[in-house]
Amino acid sequence: MEKENLKTLIQKYLQGEATPEEAAIVEQWYGQVPDELDITVPAAAGETASSLEQKMLRRLQKRLHLKVSPHKAPVRRLHPGWMAAAAAVILLLLIGVPYFYTREKALPLPVAGADTTMSTPQEITPGGNRALLQLADGRTIVLDSASNGLLAKQGSTSISLLADGQLAYQQVGILPETVSYNTLTTPKGGQFQIDLPDGTKVWLNAISSIHFPTAFHGKERQVKITGEAYFEVAPDPSKPFKVQFGETEVTVLGTHFNINAYADEQYSKTTLLEGRIQIKHKNGEQLLIPGQQARALSQGMQVVSGVNTEETIAWKEGYFLFSSTDIQTLLRQASRWYNIDVSFQGSIPQDRFTGKISRNVNLSQFLSILKYSEVHFKVEGRKLIL
């Protein structure tokens, strides 16, 4: 169910205006709220968070303890911890804080006595700023254990690790005659931000890399990537910026765009958020405008308009955002960020998920979206089995 529809139903329910069918939907949704959600309820205008939660809790307790018709499955009776969690989640929906999830198709309420037990995953923490920097002379620097400050100098370029955790290249003096290249690589469970010598900012997602010169010579600025990266290119009309990945090349003067070129995805995707970019793939070329996405398919390039750019760059902003997302796509993202392996035994669930989840939660909290959608799984070490 869409967020706005759910909000409307909840409001009608709490005001006593919901039809029996609408009330059943709210009660069914209420029974799926996970215990694991650790939510701080924000204050609304004129009230404190605690008074809002208590008010909502009292209304829910009064309205949800209803008799059930004999022909219907009984509503699951919720302990106080579930009541508080549900009240908090409903408050978040009504106030507008973007932390919720839904499932595309309605779930039946659990029947009394039914076996709903499933394995509890060990506490696997989320990823963080982790990366390796390989210098032109062969040296490798582990950035997640490096101290802030100057890391190295290559010719007239200084390489520093800033206090906010990003890597910065700064060109000082005359450009060197020879070009040397560095490579920044993130592992599973890693991400990193880098400022290139020209001032271009690049964010790398997990299992990604960027190969770049320590100084940009000639008439263009060229880098190569694998995995996923978001670019904010420093404008320089005299030196177009080019990004190569696989058989595709992106050319830009100054703009914001995201490239998803993971090998385990069906195709690479370049999404434009601001400015203009030119895409070359095999024998085709295409100029993109903001909101468009170029997909490099085996038969050629496909351009899609009206793309949800918020979903595209959610990883950069620190959260997962799903919009009718199938379970395989959802778990590929989880695999990269939590450094886990995923395998399916038997048929693959056909569920689709919509919602927004922080990338700072532990794996057990992330997997609650599966557990409370009745998708059975178990975790063995760093392997997730469905």
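The values are calculated or read from the model by the stated rules, or taken from the named source; none is laboratory data. As the structure is a prediction and not an experimental result, all values here were calculated from the model. Glycine also receives a Cβ, built like all others from the backbone with ideal geometry; neighbour counts cover every protein chain displayed. These area figures cover heavy atoms from the full protein model, side chains too; ligands, DNA and RNA do not enter into them. Shrake-Rupley method; radii C 1.70, N 1.55, O 1.52, S 1.80 Å.
Taken over region 259-285, the criterion of being in contact with a helix residue (DSSP H, G or I) (Cβ under 9 Å, 6 or more places away or on another chain) and closer than 14 Å to A296 by Cα is satisfied by N260, Y262, D264, E265, K269, T271. Being among the aliphatic types (A, V, I, L, M) and either surrounded by fewer than 15 Cβ atoms within 10 Å (Cβ to Cβ) or without any contact (Cβ under 8 Å) to a residue 40 or more places away in the chain (or both) is true of L272. Determine whether I357 is open to solvent by less than 40 Å² (accessible area, probe 1.4 Å) and at pLDDT below 90. For I357, the condition - open to solvent by less than 40 Å² (accessible area, probe 1.4 Å) and at pLDDT below 90 - is met. Given the criteria under 25 Å from G128 (Cβ atoms) and outside any loop (DSSP other than H, G, I, E, B), does I279 qualify? So I279 fails the test.
For region 365-382, residues that are out of contact with any Ser or Thr (no Cβ under 8 Å at 6 or more places or on another chain), crowded, with 18+ Cβ neighbours inside 10 Å and not hydroxyl-bearing (S, T, Y) total 6.
Residues that are small (G, A, S) and touching a residue at least 12 places away in the same chain (Cβ under 8 Å) were ranked within region 329-380; the one that is farthest from T125 (Cα to Cα) is S373. Test S238 against the criterion of being farther than 20 Å from Y181 by Cβ, of a type outside the set (A, V, I, L, M) and crowded, with 18+ Cβ neighbours inside 10 Å, and give yes or no. No: the conditions fail for S238. Would you confirm whether any residue within region 163-176 is free of Cβ contacts under 8 Å to residues at least 24 places away in the same chain and under 33 Å from the mean Cα position of the chain (by Cα)? So far as region 163-176 goes, yes, one or more of its residues are free of Cβ contacts under 8 Å to residues at least 24 places away in the same chain and under 33 Å from the mean Cα position of the chain (by Cα). Restricted to strands (runs of 3 or more DSSP E) entirely inside region 117-205, those with at least 1 residues that are crowded, with 17+ Cβ neighbours inside 10 Å and at pLDDT below 90 are 149-154, 157-161, 167-171. In this structure, I259 does satisfy being modelled with pLDDT of 95 or more, open to solvent by less than 40 Å² (accessible area, probe 1.4 Å) and farther than 27 Å from G155 by Cα. Residues that are closer than 26 Å to D195 by Cβ, in a loop (DSSP other than H, G, I, E, B) and open to solvent by less than 30 Å² (accessible area, probe 1.4 Å) are absent from region 221-231.
Of the residues making up region 319-342, those that are open to solvent by 30 Å² or more (accessible area, probe 1.4 Å) and not aromatic (F, W, Y) are S323, S324, D326, Q328, T329, R332, Q333, N339, D341, V342.
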